[in-house]
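The values are calculated or read from the model by the stated rules, or taken from the named source; none is laboratory data. Treat the numbers as computed from the prediction; the structure is a model and nothing was measured. Because the Cβ atoms are built from the backbone with ideal geometry, glycine has one as well, and the counts that use them run over all protein chains shown. Heads up: the accessible areas ignore ligands, DNA and RNA and are worked out on the full protein's heavy atoms, side chains in. Shrake-Rupley method; radii C 1.70, N 1.55, O 1.52, S 1.80 Å.
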Amino acid sequence: MRKVREVRQQLKDIMDSQKLDVKSCGNWDIVRKCICAAYFHQAARLKGIGEYVNLRTGMPCHLHPTSALFGCGFTPDYIVYHELIMTTKEYMQCVTCVDGHWLAELGPMFFSLKDSFKTRNERARKEKSETSTMEEEMRVSQEKFNRMKEEANAAGQTPSIRNKIITPFNRIQTTPTPKRTTPFRSGI
């Protein structure tokens with residue numbers, strides 16, 4: 001608890017120096033998520049009764065008897081720890097309970113969520129229905145385009161000369177007009 005008081009005093013001094021109000025967040029999930037963001041690489045998953053496995057190394061770990069979560073009657077599925085003490089067993093100290101989804105969100109380079117069989121089937125069905133919907137929309141728009149094209153051909157609409165774009169390279173050739181010869185040009 002002495003360490004907690006020291007850390008709180010340091011945080012209070014920082015808040016005072018930045019001229020920020022000191023107030024409680026009220027929601028401990030925010031604090032736990034911040035701790036998870038800092039220590040996601042030291043995460044462990046519950047393996048058995050009181051035994052955890054480090055998610056990165058696979059090393060079995062146990063809660064230290066001085067830890068706040070030790071013997072509380074509730075064993076969380078995922079935890080992050082600050083310190084690992086090696087004695088006859090590997091003990092985790094300074095432990096915080098976290099949500100498994102937070103690990104995938106905050107450390108995507110190490111963790112990902114695996115879909116259950118039911119979720120995978122639902123996603124496959126949803127993708128298949130979206131694909132068939134897109135194909136149907138494409139077919140309807142293609143039919144509409146073809147119908148408009150046929151109507152334009154049936155109406156005899158041909159592009160007029162005025163609608164064509166004329167550039168120096170594709171000028172419209174018309175019958176040439178005869179040159180007028182003037183006395184000045186012919187040298188008379």
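Quick one: how many residues across region 43-64 are over 29 Å from the mean Cα position of the chain (by Cα) and on the phi < 0 side of the Ramachandran plot?
11
Which residue out of 130, 105 is within 30 Å of residue 68 (Cβ to Cβ) and charged (D, E, K, R)?
Step by step, each of 130, 105 is checked, and only 105 is within 30 Å of residue 68 (Cβ to Cβ) and charged (D, E, K, R).
Quick check: anything in region 81-97 touching a residue at least 60 places away in the same chain (Cβ under 8 Å) and open to solvent by less than 50 Å² (accessible area, probe 1.4 Å)?
Within region 81-97, one or more residues are touching a residue at least 60 places away in the same chain (Cβ under 8 Å) and open to solvent by less than 50 Å² (accessible area, probe 1.4 Å).
I need the full set of residues from region 1-22 which are of a type in the set (Asp, Glu) and loosely packed, with under 11 Cβ neighbours inside 10 Å, in order please.
To start, the set of residues in region 1-22 that are of a type in the set (Asp, Glu) comprises 6, 13, 16, 21.
Correct list: 6, 13, 21.
Counting only residues that are surrounded by 10 or more Cβ atoms within 10 Å (Cβ to Cβ) and in contact with a helix residue (DSSP H, G or I) (Cβ under 7 Å, 6 or more places away or on another chain), how many does region 23-68 have?
Total meeting the criteria: 6.
Looking only at region 13-20, decide whether some residue is in contact with a Leu (Cβ under 9 Å, 6 or more places away or on another chain), over 28 Å from residue 114 (Cα atoms) and at pLDDT 90 or above.
Residues of region 13-20 in contact with a Leu (Cβ under 9 Å, 6 or more places away or on another chain): 14.
From what's left, over 28 Å from residue 114 (Cα atoms): 14.
With the extra rule that they be at pLDDT 90 or above, the set shrinks to 14.
Among the residues of region 13-20, at least one is in contact with a Leu (Cβ under 9 Å, 6 or more places away or on another chain), over 28 Å from residue 114 (Cα atoms) and at pLDDT 90 or above, which makes the answer yes.
Would you be able to say whether some residue in region 111-120 is surrounded by 14 or more Cβ atoms within 10 Å (Cβ to Cβ) and among the small types (Gly, Ala, Ser)?
No, region 111-120 contains no residue that is surrounded by 14 or more Cβ atoms within 10 Å (Cβ to Cβ) and among the small types (Gly, Ala, Ser).
So, residue 126, is that one assigned to a helix (DSSP H, G or I) and at pLDDT 85 or above or not? Spell out the reasoning first.
Working: assigned to a helix (DSSP H, G or I): yes; at pLDDT 85 or above: yes.
Considered against the rule, which asks whether it is assigned to a helix (DSSP H, G or I) and at pLDDT 85 or above, residue 126 comes out as yes.
Report whether or not residue 105 is under 27 Å from residue 29 (Cα atoms), surrounded by fewer than 16 Cβ atoms within 10 Å (Cβ to Cβ) and either modelled with pLDDT of 90 or more or within 17 Å of the chain's Cα centre (by Cα) (or both).
yes
Condition test on residue 139, is it modelled with pLDDT of 70 or more and over 30 Å from residue 101 (Cβ atoms)?
It is true that residue 139 is modelled with pLDDT of 70 or more and over 30 Å from residue 101 (Cβ atoms).
I need the full set of residues from region 1-37 which are small (Gly, Ala, Ser) and more than 27 Å from residue 73 (Cβ to Cβ), in order please.
17, 37
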